[in-house]
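So the structure is just underneath, and the comments pick up after that.
The values are calculated or read from the model by the stated rules, or taken from the named source; none is laboratory data. Keep in mind that this is a model prediction, so the values were computed, not measured. All Cβ positions, even for glycine, are placed from backbone atoms using ideal geometry, and neighbour counts span all protein chains on display.
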Amino acid sequence: MSRLKVICLTLLGMISIALLLPAPAAADPPYTTWALGPQGRLYRTQDAYVPLAEVDLPVSNPEDLFITPDGALYIADTGNGRVIKWQGDELVAEYGKGVLGNPTGLFVTDDGTLYVADAGHNAIFIFDAAGTLLHQFGRPTEPLFGKRAEFLPRKVAVDARRNLYIISEGSVNGVVQLNLAGNFIGYFGANTATMSLKMILQRMFLTEEQLAQFIKNEAASPSNLDLDQRSLLYTVTAGTDPTRSIRKFTIAGKNIFPDAPGSMTFRDIDVSADGLVAAVDANGQIYEYVENGTLLFVFGAPDQGEQRLGTLRSPSAIQRYQDSLYVLDKDKNALVIFGITDFARKVHQGVRLYVEGFYTEAEPYFNEVLTYNGSFLMAYQALADAYFKQGDYRRALTAYHYAEDRKGYSQAFWELRNTILQQSLSPFLLAMVALSIGRSVGVRLERRYRWFDPVRAWWERVRQQKWVDDALFMFRFIKQPADSFYYIKKDLRGSLGFAIAIYVWVIVSRLLGLYLTSFVFSPYATPSEIHAEIEILLPVLLIGLWNAANYLVATIQDGEGRVRDVVIGTAYSLFPLALFALPIALLSNVLSLNEIFVYNFSTSLVWAWTGLMLVIMVMEIHNYSFKETLKSILVTLFTMAMFVLTAYIFYVLFTQLYDFVVSIIQEIGLRVAR
Amino acid sequence: MKRIFYLLLVLGMLSGLTGGPRPVAAAALSQDLPPAYRLVAENTRFALYANPETLALKVLDKQSGYLWHSGLDELAPGDRLNKSWAAFASSGFSIEYLDNKAINRRISISNSNCDLRFTPVAGGFDAEVTFVDFGITLGLQVRLEESGISVQVPAASIRQEIPDFRLGLLYLYPFFGATRGDEVPGYMFIPDGSGTLIQLRATTKAKTMFYGKYYGPDLGMITALPHNPAIRRPYRLTLPVLGMVHGEGQNAYLAVVAQGASYGELHAHPAGIITNFNFLYNAFIYNESYFQATNRAGAGVTVIQPQTNAFDVEVHYRFLSGQEATYTGMARAYQRYLVERGILRRPAAGSPDIGLRLEFLGGDKEKVLFWQRMIPMTTVAQLQQIVTDLGIANVEVVYYGWQPLGASSMPGRSLRLEGQLGNLTELREVAQRLIANGGQFSLYLDPQAAFVDGKGYSSGGDLALSITRAHPQGYNRNMPLYYFNFAALQKRYRSLSADVFSQLGAGLALDGIGAVLYSDFSERQVFNREQTLRAYQQLLAESEGRLAFYTPNDYVFGVMSAYYDIPLGDSGYLFTDQAVPFLQIALAGYVPCYGPALNFSADLEEDLLRHIDYGVYPSYFLSYEVTGKILNTRSDWIYTSSYAQWGPIVAETYARLNRVLAPVKGQEIVAREQLAPGVWATTYANGKQIVVNFNPEPFSSGAFVVNARDAALRDGVLP
């Protein structure tokens, strides 16, 4: 289409839509608006859209809406079996009267051709701009479609090559693709069925007949769809995990929309030309995303009888047109129009530039957005990317931390570290060489003049102290673990006091480790997220349960260890954690994601070593053979689980008893009062 | 002979009238006086006529010659009123009674078996109505006053003699000023937000009538409102007024509930719902049923409250004509009413500049490891620095989150400042310096709030109880809270406020106590809403310092020195037509009104224009530190506040508003008109007029030009 034509049509559209758009009402919207902030939580923000008007339409239960660039609204008037064209506040044309049954899906291409999905006749009808019926497609006859597959078209979209994408109700194979001649091309964009542990167990233990009784575990079928400028397909699926409800498919059929906060009951999705995705759900909530999956805003309110402007009762379709959102409500038989605010306009301007990679140009917009809302995560992300591109790695680092982007943080950190290393590499090497020379010279001199003799004498005296001896005993486990456990058993070395000290230190170092681990490797973004009570209680509980269970199991299984031996032995077998957990956490502060292997390997090594020490401990302290050791450990674990289960049962019983007593007292109080 | 003839005629007519109006072709709002009405009082401006059989009234406004009807005498063809509604429309009042199964039914004077005693007195009449079948008696007293009439239903006159039937609702003169469809142009006024109008039409977009409880719902009866942070509730009705205009510039009336608003409701019926009439009225609740759960599973019974609500009803109707018959005139009539009663008083002259409200966040606490760590956001020294930096003398500073451990902790009984923010001497110095410079300093306090996980109060003895013996719950500023009973509230408020006034010389910015009204069913002492209202008024009147309130109800207007967070619009109902600044006009010239904090505004330009249009002063919520620091605290609803970001904007918007609003500071609003779509002109008592242009194109009227989305001041013409 020529550029002039586009401009004219857009102008016409703006005028006709402007007639529809009244000035903003003097009222706060009936909903609050939320934006994505730290830790994946939603935070309050200024209103992004305000309700402008509710336009009553002469329709009955309309199920779909389409707005063409010239501002004409096409509405699938399902209850009256027709499609109407609404422009300039009045009904301009009517299509398909007498032909259509219950049109539920609608798409209008640039030349005015209407594609209608009809639930009544289960067919696709194609009309031209004058209203003449061009084609009618029923169930595809190609064998690829499936012998028993049903064709229940509900929604339709048409891409640039005039291929039809059709949502067939209950289709587990995904979206149905037809070409313009009505031939079935294939299925596209299927959802995956989810497997749960319960289902796995069922399949393992139940017979064929019993399994046949269950409802089949099929993939949910998509409920609505839209195509973007590049003809990439977006679908929404109701009844699935809210973070995965929106999917964006590549040509190959792979979903590239990341997990993002969403809703389980999305009814429609719309992707605009500038990459903004809007979806509306059954509760009247509208979600707005950038096409890369970042959630921008959530707002909306259901109509609970208060009759306020901006509430929705049963939204069936949403479409964005020139910065306003048009939502079709099939219960109200009305169109609810939301207009954009200054704040959201600034966000969109920044987002448009960011999505196309113009990070530096987007920076001033996002700075302004941060003035409006200090917790707007998207703004920090965009600013961080801008700083990184400009080479300002320090500021990029802080911004990535706020945006909770570990990858970006790691990259910025790597760059910073690189510069520091390059600056300080030569002095560092020089220092190392000087140190080694100094060391060899010093050792030789010391051997001659014995300067450190008083230090050695002092050390010998200190070593006699019980506590120091116990501490040094820990290092013996590195080379001779089995032997050292024997020493514990024979009361030769190791003390109960020091064992408790080791336990305390393990817990403390674990807690410190959580705080001191670098942001890149830590699962927590800020220290306040760490639940200190749980982090302390859990290890204490585990250690206590292990010791108790192990000793009790050993008494039944002819173990030789006493309580004292078990406690001290377990303490010393935790020495890898005690010695290395904190240093690893400190080390993580100089690593980037490129060296994640180092961090992961050391952590796994420490845990494996601890596990090994525990096995050796059980073997030595109780004097078991290897098979007996394994048996004892398994039974110990089982006993620990039983302890926990018993405690839980007691807890449940006691709360029931408490509830019962309280409600009796309440009832007595009420009846006596009456 | 003649006398007997007339007597028979009158008797015949009276007997005919007891069956309610019969369908007879009649004019819409005739100015004729049916013979059943007798003159009961007269003064220079009005004549009051009453129908002794139905207690219906007619008021003749002698200035304009307009006759106001309190209901319908006859039905016209096409009126969609069945017998019950016809009786409702013609009787002076109707009631709803509750039987012993808590089922309610409505009856009116003219369609039920009544014993009516009508006694004319000087200035009006007294009446006593007994609904014989149900044993319910009410007394009515109507008096003619200088500016209108007053209708009273004293609590002492109410008797419920049959225990099976209880008085539920009283509908007082429901069809007063009712109009048929669109026969009379005009509008109904309801005090939703700043005020809103419902045009009188034949059809409406509303699906049900509008009803709102004055002063918000009673948590003592419903215990808690479901809390959904995703929605904004409609505005609470803070003013117990309603009104109607019959022809703008011709006739109007305003009804003010002087007593009994705490149990009053406003019902508005646009034509097209149920009936083809536009009418609105006050209803008063004497007994309600409620659901009492008897076990934890939720099963229970619906019972009627044990004690009937004891309150007097007093409603004043003010009649306006000519230029006064607009919503501006109604607002000014309401202002006159408040001034007459001594509720509004002229403030001292003060600075010629407008005020600016700056609310500072002191800080809040965050959970770290096991303990709570205080995060200071604005220390006392930083507060002083910001105020000096801005250089605005007439600034109203509110300090929020000053208590130990910040905003989400309970303030104690005595004044203690959080250590990390400063000490009391510093605070006193800052407060005094501010006041000496012409500003105001207040500490934020919500005396009713007992935070759910807060310390310093006893949940057994200090909290209010609802009728189901649960603790009423609510939310304010993102904190879930319980409510104090009056004894505890009084003790805490008295000691803390005495400290604030004497030690600091500062004022208090009170939230909650002027806005939330609940009845308390504690065994120790039952306080119904009316008693609580009076107790609050008495307690606040004792204060020896300056008090400012956040969206208060009218019962604290007497002690209010500033109004914070004034609504700048309505709740956005589909069936209302236009938001009007009724509240602002009623307070203009007497109490400075400050709008909601502009940091949270989505469209700053639009909100500033509305501030100028309504004569409201700007507010900002500020903190010295960046907002990111409190994102893990309960104050995360303050999503933007850093002074570094907002400082220049505060200064600029203040200067802009001051330029336009300073010349009209302290002046009453006398007129308001729309010059063109999107262009509004407000005229003040000193002759100045502010013209606000909301459109994206400039507006010109002769040589006077107002730029797009801007406002200008000119000398207007006093009406």
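Select, from A:LEU416, A:LEU397, A:LEU421, A:LEU377, the only residue that is among the aliphatic types (A, V, I, L, M) and within 14 Å of chain B (Cβ to nearest Cβ).
Numbers: A:LEU416 fails: within 14 Å of chain B (Cβ to nearest Cβ); A:LEU397 fails: within 14 Å of chain B (Cβ to nearest Cβ); A:LEU421 fails: within 14 Å of chain B (Cβ to nearest Cβ).
When all the criteria are applied, what remains is A:LEU377.
Does A:ALA93 satisfy being surrounded by fewer than 19 Cβ atoms within 10 Å (Cβ to Cβ), part of a strand (DSSP E or B) and in contact with a strand residue (DSSP E or B) (Cβ under 7 Å, 6 or more places away or on another chain)? Spell out how you get there, then give the answer.
Details: surrounded by fewer than 19 Cβ atoms within 10 Å (Cβ to Cβ): yes; part of a strand (DSSP E or B): yes; in contact with a strand residue (DSSP E or B) (Cβ under 7 Å, 6 or more places away or on another chain): yes.
Considered against the rule, which asks whether it is surrounded by fewer than 19 Cβ atoms within 10 Å (Cβ to Cβ), part of a strand (DSSP E or B) and in contact with a strand residue (DSSP E or B) (Cβ under 7 Å, 6 or more places away or on another chain), A:ALA93 comes out as yes.
Just to be sure, is B:LEU358 part of a helix (DSSP H, G or I), within 23 Å of B:TYR564 (Cβ to Cβ) and touching a residue at least 60 places away in the same chain (Cβ under 8 Å)? Write out each step before concluding.
Details: part of a helix (DSSP H, G or I): no; within 23 Å of B:TYR564 (Cβ to Cβ): yes; touching a residue at least 60 places away in the same chain (Cβ under 8 Å): yes.
Against the criterion (part of a helix (DSSP H, G or I), within 23 Å of B:TYR564 (Cβ to Cβ) and touching a residue at least 60 places away in the same chain (Cβ under 8 Å)), B:LEU358 does not qualify.
Checked across the range B:483-491, the condition of being over 26 Å from the mean Cα position of the chain (by Cα) and surrounded by 23 or more Cβ atoms within 10 Å (Cβ to Cβ) holds for no residue. Among the numbered conditions (1) more than 26 Å from B:PRO174 (Cβ to Cβ); (2) of a type in the set (S, T, N, Q); (3) touching a Pro at 6+ places or on another chain (Cβ under 9 Å); (4) assigned to a strand (DSSP E or B), the only one that B:GLN323 does not meet is (4).
Residues that are hydroxyl-bearing (Ser, Thr, Tyr), assigned by TED's automatic domain parsing to the domain that holds B:PHE277 and crowded, with 23+ Cβ neighbours inside 10 Å: which strands (runs of 3 or more DSSP E) entirely in the range B:172-246 hold 1 or more of them? Output list reads B:186-190, B:196-199.
Any residue that is away from every other protein chain (no Cβ under 14 Å), at pLDDT 90 or above, at positive phi and part of a loop (DSSP other than H, G, I, E, B) - is there at least one of those in the range B:366-378?
no
With the condition kept exactly as written, say whether any residue in the range A:267-283 is closer than 19 Å to A:LYS155 by Cβ, of a type in the set (A, V, I, L, M, F, W, C), over 16 Å from the mean Cα position of the chain (by Cα) and part of a loop (DSSP other than H, G, I, E, B). Yes, the conditions are met somewhere in the range A:267-283.
Among the listed residues A:LEU144, A:LEU134, A:LEU225, A:LEU201, identify the single one that is in contact with a strand residue (DSSP E or B) (Cβ under 8 Å, 6 or more places away or on another chain) and either in a loop (DSSP other than H, G, I, E, B) or under 28 Å from A:ARG244 (Cα atoms) (or both). Quick ask: steps written out before the conclusion?
Numbers: A:LEU144 fails: either in a loop (DSSP other than H, G, I, E, B) or under 28 Å from A:ARG244 (Cα atoms) (or both); A:LEU134 fails: either in a loop (DSSP other than H, G, I, E, B) or under 28 Å from A:ARG244 (Cα atoms) (or both); A:LEU201 fails: in contact with a strand residue (DSSP E or B) (Cβ under 8 Å, 6 or more places away or on another chain).
That would be A:LEU225, the only listed residue that is in contact with a strand residue (DSSP E or B) (Cβ under 8 Å, 6 or more places away or on another chain) and either in a loop (DSSP other than H, G, I, E, B) or under 28 Å from A:ARG244 (Cα atoms) (or both).
In the condition set (1) part of a strand (DSSP E or B); (2) more than 14 Å from chain B (Cβ to nearest Cβ); (3) surrounded by fewer than 21 Cβ atoms within 10 Å (Cβ to Cβ), A:SER60 is compliant with all but (1).
State whether one or more residues within the range B:109-116 are among the small types (Gly, Ala, Ser), under 19 Å from B:LEU172 (Cα atoms), surrounded by 21 or more Cβ atoms within 10 Å (Cβ to Cβ) and in contact with a strand residue (DSSP E or B) (Cβ under 8 Å, 6 or more places away or on another chain). Spell out the reasoning first.
Initially, the range B:109-116 is screened for residues among the small types (Gly, Ala, Ser), giving B:110, B:112.
When the remaining residues are screened for being under 19 Å from B:LEU172 (Cα atoms), the result is B:110, B:112.
Filter once more, keeping what is surrounded by 21 or more Cβ atoms within 10 Å (Cβ to Cβ): B:110.
Narrowing further to those that are in contact with a strand residue (DSSP E or B) (Cβ under 8 Å, 6 or more places away or on another chain): none.
Within the range B:109-116 (the criterion being among the small types (Gly, Ala, Ser), under 19 Å from B:LEU172 (Cα atoms), surrounded by 21 or more Cβ atoms within 10 Å (Cβ to Cβ) and in contact with a strand residue (DSSP E or B) (Cβ under 8 Å, 6 or more places away or on another chain)), the answer is no, since none of the residues qualifies.
Reported count of residues in the range A:118-131, each being among the charged types (D, E, K, R) and outside any loop (DSSP other than H, G, I, E, B), is 1.
The sole residue among A:ARG671, A:ARG564 that is assigned to a helix (DSSP H, G or I) and within 14 Å of another protein chain (Cβ to nearest Cβ) is A:ARG671.
Filter the range A:31-45 down to the residues that are within 7 Å of another protein chain (Cβ to nearest Cβ), crowded, with 24+ Cβ neighbours inside 10 Å and more than 15 Å from the chain's Cα centre (by Cα) and list them by number. Please lay out each step first, then the result.
Step one: of the range A:31-45, the residues within 7 Å of another protein chain (Cβ to nearest Cβ) are A:31-32, A:37-38, A:43-45.
After this cut, where a residue has to be crowded, with 24+ Cβ neighbours inside 10 Å as well, the list is A:31, A:37, A:45.
If the condition is that a residue be within 7 Å of another protein chain (Cβ to nearest Cβ), crowded, with 24+ Cβ neighbours inside 10 Å and more than 15 Å from the chain's Cα centre (by Cα), then A:TYR31, A:THR45 are the ones that fit.
Within the range B:658-673, which residues are closer than 22 Å to B:PRO696 by Cα and either assigned by TED's automatic domain parsing to the domain that holds B:GLY329 or surrounded by fewer than 18 Cβ atoms within 10 Å (Cβ to Cβ) (or both)? Those that are closer than 22 Å to B:PRO696 by Cα and either assigned by TED's automatic domain parsing to the domain that holds B:GLY329 or surrounded by fewer than 18 Cβ atoms within 10 Å (Cβ to Cβ) (or both): B:ARG659, B:GLU673. Step by step: first the residues of the range A:628-671, then only those that are among the charged types (D, E, K, R) and more than 30 Å from B:ILE467 (Cβ to Cβ), then the one that is surrounded by the most Cβ atoms within 10 Å (Cβ to Cβ). Which residue is that? Per the criteria, the residue is A:GLU628.
Within the range B:564-590, if we keep just the residues that are closer than 23 Å to B:GLN448 by Cα and buried (at least 24 other Cβ atoms within 10 Å of the Cβ), the residue that is nearest to the other protein chains (Cβ to nearest Cβ) turns out to be B:PRO567.
Given the criterion among the small types (Gly, Ala, Ser) and either touching a helix residue (DSSP H, G or I) at 6+ places or on another chain (Cβ under 7 Å) or surrounded by 21 or more Cβ atoms within 10 Å (Cβ to Cβ) (or both), identify the matching residue among B:ALA651, B:ALA676, B:ALA708. First the steps, then the outcome.
Working: B:ALA676 fails: either touching a helix residue (DSSP H, G or I) at 6+ places or on another chain (Cβ under 7 Å) or surrounded by 21 or more Cβ atoms within 10 Å (Cβ to Cβ) (or both); B:ALA708 fails: either touching a helix residue (DSSP H, G or I) at 6+ places or on another chain (Cβ under 7 Å) or surrounded by 21 or more Cβ atoms within 10 Å (Cβ to Cβ) (or both).
Among B:ALA651, B:ALA676, B:ALA708, only B:ALA651 is among the small types (Gly, Ala, Ser) and either touching a helix residue (DSSP H, G or I) at 6+ places or on another chain (Cβ under 7 Å) or surrounded by 21 or more Cβ atoms within 10 Å (Cβ to Cβ) (or both).
The set of residues in the range A:460-485 being surrounded by 15 or more Cβ atoms within 10 Å (Cβ to Cβ) and touching a residue at least 40 places away in the same chain (Cβ under 8 Å) consists of A:PHE473, A:MET474, A:PHE477, A:PRO481, A:SER484, A:PHE485.
For the range B:187-200, residues that are more than 14 Å from chain A (Cβ to nearest Cβ) and out of contact with any Gly (no Cβ under 7 Å at 6 or more places or on another chain) total 4.
Of all residues in the range B:591-626, exactly one satisfies the criterion of being among the hydroxyl-bearing types (Ser, Thr, Tyr), within 12 Å of another protein chain (Cβ to nearest Cβ) and under 14 Å from B:GLU359 (Cα atoms), namely B:SER623. Candidates A:PRO576, A:PRO539, A:PRO583: the one that is part of a helix (DSSP H, G or I) and under 27 Å from A:ASN623 (Cβ atoms) is A:PRO576. Checking each residue in the range A:517-536 for being more than 14 Å from chain B (Cβ to nearest Cβ) and either in a helix (DSSP H, G or I) or of a type in the set (Gly, Ala, Ser) (or both) picks out A:SER518, A:SER522. Can you tell me which residue in the range B:547-563 is farthest from the other protein chains (Cβ to nearest Cβ), limited to those that are among the aromatic types (Phe, Trp, Tyr) and under 27 Å from B:GLU605 (Cβ atoms)? Filtering the range B:547-563 for residues that are among the aromatic types (Phe, Trp, Tyr) and under 27 Å from B:GLU605 (Cβ atoms), the one farthest from the other protein chains (Cβ to nearest Cβ) comes out as B:TYR563. Highlighted here are the strands (runs of 3 or more DSSP E) found entirely within the range A:297-374 that include at least 1 residues which are more than 14 Å from chain B (Cβ to nearest Cβ) and touching a Leu at 6+ places or on another chain (Cβ under 7 Å): A:315-321, A:324-329.
Regarding A:ASP268, is this residue surrounded by 20 or more Cβ atoms within 10 Å (Cβ to Cβ), within 30 Å of B:THR208 (Cα to Cα), among the charged types (D, E, K, R) and within 14 Å of chain B (Cβ to nearest Cβ)? No, not satisfied.
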